[in-house]
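The values are calculated or read from the model by the stated rules, or taken from the named source; none is laboratory data. From a predicted model like this one, the values you see are computed outputs, not experimental measurements. Cβ coordinates were reconstructed from backbone atoms using ideal geometry, including for glycine residues, and neighbour counts include every protein chain displayed. All accessible areas refer to the heavy atoms of the entire protein, side chains included, with ligands and DNA or RNA removed. Shrake-Rupley method; radii C 1.70, N 1.55, O 1.52, S 1.80 Å.
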Amino acid sequence: MESKAIQRLQFPAMVYSDKGGRTVPSGSLNMSCGFMEHKKLRVFVSVPSVKIQQRKLPLKIACSYNKVPASTLKSESFKTPLSEELILKSKSKEVEPYLSGRCIYLVGMMGSGKTTVGKILSQVLCYSFFDSDTLIEEEVDGTSVADIFKHYGETFFRDKETEVLRKLSMTHRHVISTGGGAVVRPINWKYMHKGVSIWLDVPVEALAQRITAVGTNSRPLLHSEVGDAYTKTFMRLSSLFEERSQAYANANAKVSLENIAAKLGQKDVSDLTPTAIAIEALEQILGFLKSEDGYC
Ligand SMILES: Nc1ncnc2c1ncn2[C@@H]1O[C@H](COP(=O)(O)OP(=O)(O)OP(=O)(O)O)[C@@H](O)[C@H]1O
Ligand SMILES: O=C(O)C1=C[C@@H](O)[C@@H](O)[C@H](O)C1
């Protein structure tokens, strides 16, 4: 509740009208654009013991927390290896000058981890975090997404979503977790392309497992199927994904959990930590920004 109030107060105050100047490093930096680079970095990381590597870390990044809304500071604690924390910090330092304050939009299916990964990215980049669904709820006097769908219908919700994205497109230094269906309207892409957009591509089986674990009450588009909880969630997600996969591909870059698992030699995408996914997101953002500037 408190964090929602803070978001409401800060949102209008963070609307800027013009873009900050870009300061892209010059010179002959020879940096890899691939995820395997992280493994090389591990050589230089001193990790005292396996026990320490596996302890729960609260993801404390050296930046001014005073500037960050409280909503970003209560992210769930997943078990994160210390080495991943260090790689994350190092990668964020590399990405920051290329970003020049541009917002990051995370797109992807419901349950793909946009909020979880988005909060990590916002902390490490010293950006503020916003969830577009939460901003819509605020616009409708704190009405939940499920109730907005129920009482006003999906078109009303989508109009609010477009309005929220329009306002966000005039801001800087935000990581934004967008609603799962925000990609469908072309006008929304006009706004999201003011920043850098990343598609979190998670296999539907993994999405269905995650969502079944937490329930579908807050996700109105998953209420219609019949059957056991996993199967009906899986069926509905599969058809939504089929309808939307092309729209997600409008994003500037894609983070594929299957690719990360393959690179790290892991069999199951469910074993990937949100931090490992955030590292890959930074890697992909860097690749996109460098290609935009003709670096690689
Ligand atoms: N890498 C991960 N491994 C395991 N569980 C995860 C991972 N990332 C997120 N989750 C879990 O999956 C669920 C959905 O995550 P999250 O809320 O971040 O997704 P989202 O894309 O923001 O969803 P929505 O669009 O529906 O709001 C949460 O319960 C979260 O804890
Ligand atoms: O996938 C979707 O269309 C949605 C996803 C949620 O984030 C909410 O934006 C809403 O429930 C619709």
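Backbone phi angles across region 139-145, fed through the Karplus curve with coefficients 6.51, -1.76 and 1.60 (θ = phi - 60°), yield HN-Hα couplings of 5, 9, 6, x, 6, 5, 4 Hz in residue order; Gly and Pro are listed as x.
At a probe radius of 1.4 angstrom, the accessible area of region 101-296 per residue rounds to 39 square angstrom.
Under a 5 Å amide H cut-off, with hydrogens placed 1.01 Å from N, Asp131 pairs with Ser177 among residues at least 5 apart or on other chains. Each other residue within a Cβ distance under 9 Å of Ser169 adds +1 if Lys or Arg and -1 if Asp or Glu, for a net charge of +4. Note that region 118-131 has calculated 3J(HN,Hα) couplings of x, 5, 5, 4, 5, 5, 6, 9, 6, 9, 8, 10, 10, 10 Hz, one per residue in order, obtained from phi through the Karplus relation 6.51 cos²θ - 1.76 cosθ + 1.60 (θ = phi - 60°); glycine and proline are x. Largest to smallest in accessible area, the residues Val107, Val184 fall in the order Val184, Val107 (1.4 Å probe, all protein chains included). Magnitude of the charge dipole for region 79-193, about its Cα centre and with charges confined to Cβ atoms of Lys, Arg (+1) and Asp, Glu (-1), is about 480 debye. In this structure, the pairs whose alpha-carbon distance is over 19 Å, taken from Lys89/Lys119; Lys167/Lys290; Lys91/Lys263, are Lys167/Lys290.
Using heavy-atom solvent-accessible surface (probe 1.4 Å) with all chains present, what is the largest-first order of Cys103, Cys126?
Values: Cys103 5, Cys126 45 Å².
The ordering from most to least exposed comes out as Cys126, Cys103.
For Ser144, put the label point 7 Å out on the Cα→Cβ axis and report which residues of region 164-190 keep their amide N under 20 Å from it. Within reach of a label on Ser144: 178-181. Shape of region 138-229 from the C-alpha gyration tensor: oblate (a/c of 1.5 or more and a/b not above b/c, with a ≥ b ≥ c the square roots of its eigenvalues). Look at the dipole of region 101-296 built from charges on Cβ: of Phe234, His174, Ile120, the Cα furthest out on the positive end belongs to His174. Overall size of region 101-296 from C-alpha positions, given as principal axis extents largest first: 49, 41, 28 Å. Residues whose amide H lies under 5 Å from that of Thr171, counting only those 5 or more places away or on a different chain, are Tyr16; hydrogens are built 1.01 Å from N in the peptide plane.
Each residue, Glu94 and Gln246, gets one label point 7 Å from its Cα in the Cβ direction; the gap between the two is 3.5 nm.
Near the amide H of Val255, within less than 5 Å, lie the amide hydrogens of Trp199, Leu200, Asp201, all on another chain or at least 5 residues away, with H placed in the peptide plane. Within the accessible surface of region 181-274, defined with a 1.4 Å probe on protein heavy atoms only, the carbon and sulfur portion equals 50 percent.
Projecting label points 7 angstrom from Cα along Cα→Cβ for Thr273 and His193 puts them 3.7 nm apart.
Ranked highest first by average number of other Cβ atoms within 10 Å, how do 271-280, 109-118 line up? Write down the numbers at each step before the final one.
Working: 271-280: 22.1, 109-118: 24.3.
Descending packing order for the listed peptides: 109-118, 271-280.
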